[in-house]
1. From Cα coordinates alone, what are the radius of gyration and Dmax values for the range 1-84 in angstrom?
2. For a footprinting-style exposure proxy, rank T240, T297 by other Cβ within 10 Å, fewest first.
3. At 0.36 nm per residue, minus the direct Cα-Cα distance, what do R239 and L326 gain on full extension? Give it in nm, one decimal, please.
4. Suppose every Lys and Arg Cβ carries +1 and every Asp and Glu Cβ carries -1, with no other charges. What dipole size does the chain come out with about its Cα centre, to the nearest 20 debye?
5. With angles folded into 0 to 90 degrees, how steeply does helix 196-205 sit against the dominant principal axis of the chain? Use alpha carbons for both and round to 10.
6. Take R376 and E129, extend 7 Å from each Cα along the Cα→Cβ direction, and tell me the distance between the two endpoints in nm.
7. Go through A246, M182, G207 and say which Cα lies farthest out towards the positive end of the charge dipole of the range 152-264; charges sit on Cβ, +1 for Lys and Arg, -1 for Asp and Glu.
8. Excluding the sites themselves, what is the longest stretch of the chain that contains no GluC sites (Glu not before Pro) in a DSSP loop with at most 13 other C-beta atoms within 10 Å?
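Derivation of every value follows stated rules applied to the coordinates shown; laboratory data play no part. The structure displayed is predicted, hence computed values, not measured ones. Virtual Cβ from ideal backbone geometry, glycine too; neighbours counted across all protein chains shown.
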Amino acid sequence: MRLVDVCGFYTPLGGGIRTYIDQKLELSDGAGVDVTVLAPGLRDETVEVSPRARITYVASPRFPLDRKYFAFADEQAVHAALDRLEPDFIEASSPWRSADYVASFSRAVPRSLVMHSDPLSAHAYRWFERVADPPSVDRAFDWFWRRLRMFGSQFDAVVCANSDLAARLVSGGVENVVTVPMGTEKGLFSPTRRDEAVRRRLLAACGMGPEATLLIAAGRLATEKRIPMLVEAATLAGRTRPIGLAIFGEGRCRDQILRAIGGNPHIRLFEPIRDRTRFATILASADALLHGCEAETFGMIAAEANASGLPVIAPAAGGVADFARLNPGLSFRPRDAQDAARAIESFCSSGLLQEPVAPPRGMEDHFAELFDHYWRLSQVRPAIAA
């Protein structure tokens with residue numbers, strides 16, 4: 001099968017989508033799939049990754065809000081590239097211009113929309129959370145829901161990585177929704193990497209002894225990650241229990257997070273650990289993951305924590321909710337620092353590490369399931385022509 005992913009937000013300097021695409025390109029050969037990622041770039045060029053995987057760039061202007069990205073601007077150029085590549089299946093990797101261009105492609109080729117982002121949860125709900133609840137925001141943004149429903153009728157599949165987003169799309173009238181959870185790097189994240197010496201050093205950096213509870217938070221320091229809320233929750237819970245919180249990450253909200261930490265010596269902000277093996281050891285050496293974002297489409301750090309044997313203290317919404325539900329009582333109401341503090345205290349009362357509830361799902365499993373679904377759609381369902 002020749003698969004073309006029209007990915008408007010791929011850049012070699014990117015974050016989560018880049019990681020996902022890189023894994024897709026690496027694992028495609030073993031799955032028997034020929035993959036081309038069609039991405040906007042500085043110039044027209046193709047970068048061969050392997051004999052069956054490549055990135056083809058379409059010359060495009062820079063994205064004005066983040067100069068390390070480019071943005072598709074020429075529909076005919078994208079369609080011409082699709083004509084040359086002759087795909088058996090086409091993906092669009094965002095509900096914006098990429099999806100418009102894939103939907104308008106005239107050849108009768110089956111296609112999917114992969115929901116790598118949840119714009120309403122990540123942006124609109126957060127922008128208006130002080131004045132309106134999500135159902136009210138949904139009504140105000142009905143133009144976006146109409147757009148999703150249109151794509152649901154035009155595409156053979158709308159792919160979600162978590163059950164919460166899939167349920168919201170279905171209840172919003174979107175057709176052809178399918179859930180294909182992602183996974184972690186097999187063999188990397190494991191409870192066997194737990195190192196008590198690493199745990200003691202992190203607690204000491206937080207001004208705590210080994211009898212304290214070590215919580216870890218990690219990821220991009222962005223507004224939607226709600227790190228200041230986690231700081232507040234850990235501070236509240238720490239009034240009655242010895243708790244250290246180690247935060248790993250970088251991003252535009254760094255100064256805001258440092259202000260939230262203030263003079264609390266038991267909460268530390270560290271630079272991200274780019275060595276994946278070292279980070280897997282740090283993660284396994286904590287006592288629990290503390291996570292605040294309810295807007296992620298999967299929650300990779302939660303999957304990595306679960307594979308490492310850590311309970312996940314997280315909101316009961318978004319991608320992380322699938323992992324938070326594994327530990328009754330450890331999920332909390334989104335955006336609620338006091339309820340997050342209650343969940344932390346509940347964990348401290350139990351103080352137990354957990355083994356993964358099921359064998360950790362790997363990205364090989366994700367792509368095998370995804371590609372198998374595409375193959376079945378291309379075989380048993382008529383392609384939807386624009």
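1. Values for the range 1-84 (Cα only, Rg and Dmax): 12.4, 38 Å.
2. Sorted ascending by nearby Cβ count, the order is T240, T297.
3. Full extension from R239 to L326 adds 28.6 nm.
4. Its charge dipole is roughly 900 debye.
5. 80
6. For the pair R376/E129, the computed spacing is 3.7 nm.
7. Selected residue: G207.
8. Free of exposed loop sites, the longest segment is 251-386.
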